[in-house]
Amino acid sequence: MGLFDSLKSKGMIFTSAFCTAGFLTGFLKDQMQGAKFKNEIKATDKRVIITGTTSGIGLETARELAKREAHVYMACRDMKTCETVRDDIILDAKNRNVHCLECDLSSMESIRNFVKKYKEKENRLDILINNAGVMRCPHSLTKDGFEMQLGVNHMGHFLLTNLLLDLIKKSSPSRIINVSSSAHLKGEIKTSDLNSEKSYDAGDAYNQSKLANILFTRELARKLSGTGVTVNAVNPGLVDTKITRHMGVFKSFSGVIFKPLTWPFLKTSRSGAQTTLMVALDPKFDSISGLYYSNCEKAQVSEAAKNKTVGEWLWKVSEKWTNLDENKK
């Protein structure tokens, strides 16, 4: 065999191997997307609020609900980006009932202003999806002095939900969905250092905030029993979104290598939204409350998440820290 034939043969082998690897990677990616919510039920004229909709799971949730004819309110901090995303959703869904309202979950004042503006526009709320979150960020504080992950992931949504409860109850049967994470399984509510003032670990603080989401869900479900309002938590799974931007391995040089290696194992944002959509839309959730769902199936929570005493303690602390009674006046 001549040199040319040898190079040609090696080139064909390389091309074949490359194509095979590409096919197998794509196949693996497809297999990791998880269950899909296949019910084509509409959400015609339902009023929906979703936090954190400028990218990722929140954006895809908003897009799908707009396609299903809902009136979608995008609660976002970055209004410029929100308006751009809104225009895209309107064109894609052919639904002009998509709105942007400013809501910075790291500011109690911004949350109160959002609720005031929403109530000036609407007199009902059928679905509230508490989706926004931050993950493993460097230590920082919200405008009200909360550790950022606890403040945004839990305290902000706690206040927002409670200030909207009158409309949610009025609109029953209605639903509240809290987006949590499997990270709650490692979480611990640090009753002696809830705000991470004595020490701070980004991973521990994130896990605590996700456990707080579950405890909040279960306690709120108990308080709303018999009202026609259901409350459930969901785990979207491992999703390729911007929430990982603070994780060192993704923003370092090694991330250039690491992220492509993990890509086949990550869900797309659309796949990550499926469990949220199921809990928001499936008729059976008119009577299911206080549970946790992952991959479109009921899932188990940690023992810490079942601790009613800690759940009640966290509720009382959250009421005090957010000045909830004062804000209701």
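The values are calculated or read from the model by the stated rules, or taken from the named source; none is laboratory data. Only a predicted model underlies this, so the values are computations on that prediction, with no experimental measurement involved. Glycine gets a Cβ as well: all are built from the backbone with ideal geometry, and neighbour counts include every protein chain shown.
Observations
- Yes/no for residue 253 being surrounded by fewer than 16 Cβ atoms within 10 Å (Cβ to Cβ), outside any helix (DSSP H, G or I) and either at pLDDT below 55 or in contact with an Asp or Glu (Cβ under 9 Å, 6 or more places away or on another chain) (or both): yes
Listed here are the residues, each with its yes/no results for (1) in a helix (DSSP H, G or I); (2) within 30 Å of residue 118 (Cβ to Cβ).
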{"site": "161", "(1), (2)": "yes, yes"}
{"site": "168", "(1), (2)": "yes, yes"}
{"site": "192", "(1), (2)": "no, no"}
{"site": "203", "(1), (2)": "yes, no"}
{"site": "212", "(1), (2)": "yes, yes"}
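- Scan the range 193-227 for residues that are in contact with a strand residue (DSSP E or B) (Cβ under 7 Å, 6 or more places away or on another chain), among the small types (Gly, Ala, Ser) and surrounded by fewer than 20 Cβ atoms within 10 Å (Cβ to Cβ) and the total you get is 1.
- Only a single criterion out of (1) modelled with pLDDT under 95; (2) assigned to a strand (DSSP E or B) is not satisfied by residue 234, namely (1).
- Within the range 39-93, if we keep just the residues that are under 16 Å from the mean Cα position of the chain (by Cα) and basic (Lys, Arg), the residue that is nearest to residue 160 (Cα to Cα) turns out to be 77.
- Per-region count, the range 111-167, residues among the polar types (S, T, N, Q) and free of Cβ contacts under 8 Å to residues at least 24 places away in the same chain: 2
- Hits in the range 170-190 - residues which are touching a residue at least 60 places away in the same chain (Cβ under 8 Å), of a type in the set (A, V, I, L, M, F, W, C) and in a strand (DSSP E or B): 177, 179
- The set of residues from the range 130-156 being out of contact with any helix residue (DSSP H, G or I) (no Cβ under 6 Å at 6 or more places or on another chain) and closer than 26 Å to residue 286 by Cβ comprises just one member, 132.
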